[in-house]
Amino acid sequence: MASFLRVYNASLIRRPILAQSATAAFLFGAGDIIAQQAIERQGKNHDFMRTARLTLYGGVFFGPALTKWYQLLNRIKFASPTKGVIYRVWLDQAVLTPVAVGFFFGTMSILEGKGISGAQERISANYQSTLIRNWTVFIPTQIINFAIVPHHLRFVVVSVVSLFWNTYLSAVNARTPHEQLPESPDVDEKSG
C-alpha cells in the first residue's frame, strides 16, 4: 500500500491531469455503483451504461477541468494566508460550483440521449437543491483543504469527499422528475 501511495503521489506531481482524471473517473464510477447498489438496491439490474457515463464524465470532463481550476487558484497570490483561504473558497464555491452543477446535469442528460430539452428539465428540477447541498459539504471541506493541504494533494482531498458526493449526485441524476430524495428541513426552506 505504501508503495502505491508513493507512486500515486509522484504521478500527482509529474502528470497531474492524467492522475487526477483517472482518480475522478474511478470515483465517479464508484459513486454510481454505491448509489445503484446501496441506495437504489438495483442488485442484478445494475445499469452498467449509467456507471460508464459517470465514469466517462469524471475522467473526461471533471478531472481535467478541476485540475486546471486548482492550478489557476494556486497561482493567484493573496496578501495573507487567511485571505488566500477565504478568496479561494469563495472563488471555488461562487464561481466554479454553480457552473459545475449545471454542467453535470446537462452533460448527463445529453449522454443519456435526452437532448437539450431533457437537460433543461433536469437542471430545473435539481439545480437549486443540489447546489445548496454542495455548499453544506464543500465549503467546510474547502476551508480545510485550502488552509492545510499541500497544493498537489488538494484534488485528492476533494476526491475522497466526492466519493460520497458522487453517490448522491448519481442518485439525484437517476431519479425521475417526480421522484424525490428525502429532503432536510433546512434545504426545503431555502429552496422554496
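The values are calculated or read from the model by the stated rules, or taken from the named source; none is laboratory data. Since the model is a prediction, treat every value here as computed from it, not as a measurement. FYI the Cβ positions are ideal-geometry reconstructions off the backbone, even for glycines, and counts take in every protein chain you see. Protein only, heavy atoms only, side chains kept; ligands, DNA and RNA dropped before computing areas. Shrake-Rupley method; radii C 1.70, N 1.55, O 1.52, S 1.80 Å.
Of all accessible surface on region 4-110 at a 1.4 Å probe, what whole percent is carbon and sulfur?
Details: 4160 of 5880 Å².
Roughly 71 percent of what the probe reaches on region 4-110 is carbon or sulfur.
Send over the per residue convex hull volume for region 1-101, Cα only, as a whole number of Å³.
On the way: hull volume 14.7 nm³, N = 101.
Convex hull volume per residue, Cα atoms: 145 Å³.
For the chain, with only Lys/Arg (+1) and Asp/Glu (-1) charged at the beta-carbon, what is the dipole magnitude about the Cα centre, in debye rounded to 20?
On the way: 18 positive and 11 negative charges, 186 e Å.
Here the chain has a charge dipole of around 900 debye.
What does the extension gain come out to for Ile132 and Glu112, with contour length at 0.36 nm per residue minus their alpha carbon separation? Kindly include the intermediate steps, with their values, before the conclusion.
On the way: separation 20, 0.36 × 20 = 7.20 nm, distance 2.49 nm.
Result for the pair: 4.7 nm of gain on full extension.
For region 1-54, divide the Cα radius of gyration by the Kirkwood radius and give the resulting Rg/Rh value with two decimals. Numbers along the way, then the final one.
On the way: Rg = 14.5 Å, Rh = 12.6 Å.
Here the Rg-to-Rh quotient is 1.15.
I'd like to check one number: the per residue accessible area of the chain, probe 1.4 Å, reported in Å² as a whole number.
Working: 10600 Å² over 192 residues.
In whole numbers, the chain has 55 Å² accessible per residue.
Exposed loop sites here are trypsin sites (Lys or Arg not before Pro) in DSSP loop states with at most 11 other C-beta atoms within 10 Å. What is the longest stretch of the chain lacking them? Walk me through the numbers before you get to the answer.
Values: sites that count: Arg41, Lys77.
Segment 78-192 is the longest.
If I take the Cα coordinates of the chain and project them onto the principal axes, what are the three extents in Å, biggest first?
Principal extents (Cα only, largest first): 48, 40, 29 Å.
How large is log10 I(q)/I(0) at q = 0.26 Å⁻¹ when the Debye formula is applied to the Cα atoms of region 59-99, each weighted equally and without solvent?
-0.91
Tally Lys/Arg at +1 and Asp/Glu at -1 over every other residue whose Cβ is under 9 Å from the Cβ of Asn74; what's the total? If you can, show how the numbers build up before the last one.
On the way: positive: Arg75, Arg88, Arg154; negative: none.
With Lys, Arg at +1 and Asp, Glu at -1, the neighbours total +3.
If Tyr70, Tyr127 are ordered by their accessible area, calculated over protein heavy atoms with a 1.4 Å probe, which sequence runs from highest to lowest? Walk me through the numbers before you get to the answer.
On the way: Tyr70 10, Tyr127 65 Å².
From most accessible down to least: Tyr127, Tyr70.
Can you tally the net charge around Val60? Count Lys and Arg as +1, Asp and Glu as -1, for every other residue whose Cβ sits under 14 Å from the Cβ of Val60. The partial results should precede the final answer.
Values: positive: Arg53, Lys68; negative: none.
Taking every Cβ under 14 Å from that of Val60, the sum is +2.
Using a 1.4 angstrom probe on the protein heavy atoms only, line up Val99, Val149, Val137 by accessible area, largest first. Could you put the intermediate results ahead of the total?
Numbers: Val99 100, Val149 25, Val137 50 Å².
Listed by decreasing accessible area, they come as Val99, Val137, Val149.
What FRET efficiency, computed as 1/(1 + (r/R0)^6) with R0 = 41 Å and r the Cβ-Cβ distance, is obtained for Lys44 and Val95, rounded to the nearest 0.05?
Values: r = 43 Å, r/R0 = 1.04.
Once the sixth-power term is evaluated, E becomes 0.45.
As a test of reading the structure, rank Ser11, Ser124 by solvent-accessible area (1.4 Å probe, protein chains only), most first.
Descending order: Ser124, Ser11.
With +1 on each Lys and Arg Cβ and -1 on each Asp and Glu Cβ, how big is the dipole of region 1-108 about its Cα centre, in debye rounded to the nearest 20? List each step's numbers first, then the result.
Working: 12 positive and 4 negative charges, 85 e Å.
Once rounded to the nearest 20, the dipole reads 420 debye.
Please list, in order along region 67-73, the HN-Hα scalar couplings obtained from phi with the Karplus expression 6.51 cos²θ - 1.76 cosθ + 1.60 (θ = phi - 60°), rounded to whole Hz, x for Gly and Pro.
After applying 6.51 cos²θ - 1.76 cosθ + 1.60, I find 4, 5, 4, 5, 4, 5, 4 Hz.
Mean-square fluctuation check for the chain, GNM, Cα pairs under 10 Å: which of Thr136, Thr67, Thr23 is largest?
For the chain, modelled as a Gaussian network with Cα springs under 10 Å, the answer is Thr136.
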